[in-house]
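Structure first, commentary second.
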Amino acid sequence: MKIHHLNCGSVRTIEATYDGPPPAHAVNHCLLAETDADGLVLVETGLGLADVRDPDATLGADWVTMAEPVLDEEETAVRQIARLGHSPGDVRHVIVTHLDVDHCGGLPDFPDARVHVLAAELEAALGQAPGFRYRPAHWAHGPDWVTYTPEPGEEWFGFTSVRPEGLPPEFRLVPLGGHTAGHTGVAVHDGDRWLLHCGDAYYYHRELAADPHPHPVLDFVQTTSEVHHDLRLGTQARLRELVRDHGDEVSVFSAHDPWELDRHRG
């Protein structure tokens, strides 16, 4: 299975908190998996065509002011997938960590895809939209939702996991609570090791170090958008243990850290 690491929506420029990498735009890190039997699987969508063309209407003016998105149509998932030689209809499955505005803006560009999400997240989004976090324009086309309620059973490195319907065992939903009502990580096995897309469970790679260091700008964003502070911190502690104990088997990354994206493109 071939996996592409995509940036589907650059936003405001941030600096690293140590000497080394230069300042960079925060990103919307997405995965595109080319499967043998199940078409293309897109993990996260980032910003979509409608977001770029009419951002205040779809993203919301307050979010645009806060995030300072670049709004480049060539960064949308649908345009990048076309450059790889595929059409939107080739994307048969979309898996989202959650339904925040910058994680599902591209859903309308793939209207025929099945969209996998935790049930608690979809319920929260439909109940709270429109607002700063959730924007109904992103699902006005009526997605083919497939929802899940995590239950004890098949574990993944000690985490609860869910096998997405219609996908092979190389894909797992790994609930990572605290950021939103139904936030989940997405694990994908690339043939050699597991990749764990942690969404917004953390924002900056140094948060998972043995001696954690949050990013001042990104930490403000995550603390002001969390729904459960203690659960979010507990999730991060478990992710540090995962990196410590299984770092040779699992590659962990978050949605917005540009230096993690660079490392995985590598």
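The values are calculated or read from the model by the stated rules, or taken from the named source; none is laboratory data. Everything numeric here is computed off the predicted structure, so don't read it as measured data. Here Cβ is always computed from backbone atoms with ideal geometry, including for glycine, and neighbour counts include all displayed protein chains. Surface accessibility is based on the protein's heavy atoms, side chains included, excluding ligands, DNA and RNA. Shrake-Rupley method; radii C 1.70, N 1.55, O 1.52, S 1.80 Å.
Ellipticity at 222 nm from helices only: DSSP H runs of n ≥ 4 in the chain, each -39500 (n - 2.57), divided by the residue count, give -7000 deg cm²/dmol. Based on Cα contacts under 8 Å between residues 6+ apart, the stretch 133-244 shows a relative contact order of 19 percent.
Using θ = phi - 60° in the Karplus curve 6.51 cos²θ - 1.76 cosθ + 1.60, the 3J(HN,Hα) couplings for the stretch 74-91 round to 5, 8, 5, 4, 5, 6, 5, 5, 5, 5, 7, x, 10, 10, x, x, 6, 7 Hz; x is entered for Gly and Pro. Distances between placed amide hydrogens fall under 5 Å for ASP257 paired with VAL27, all partners being 5 or more residues away or on another chain.
Largest accessible area first, the listed residues THR45, THR223, THR149 line up as THR149, THR223, THR45 when surface is computed with a 1.4 Å probe on the assembled protein chains. Label-to-label distance, MET66 versus HIS228, with points set 7 angstrom from Cα along the beta-carbon direction: 2.1 nm. With the charge dipole of the stretch 171-266 set up from +1 on Lys and Arg Cβ and -1 on Asp and Glu Cβ about the Cα centre, the Cα lying farthest toward the positive end among the listed residues VAL188, ALA255, LEU233 is that of VAL188. Our note on the geometry: Cα centres of the stretch 129-192 and the stretch 204-266, 18 Å apart.
For GLY106, the residues whose amide H sits under 5 Å from its own are THR45, GLY46, GLY48, ignoring neighbours fewer than 5 places away on the same chain, with H placed 1.01 Å from N. Each principal axis of the Cα cloud of the chain was evaluated for its coordinate range; sorted largest first, these ranges are 43, 40, 37 Å. Counted residue by residue at 0.36 nm each, then reduced by the alpha carbon distance between them, the extension gain from GLU241 to PHE132 reaches 36.0 nm.
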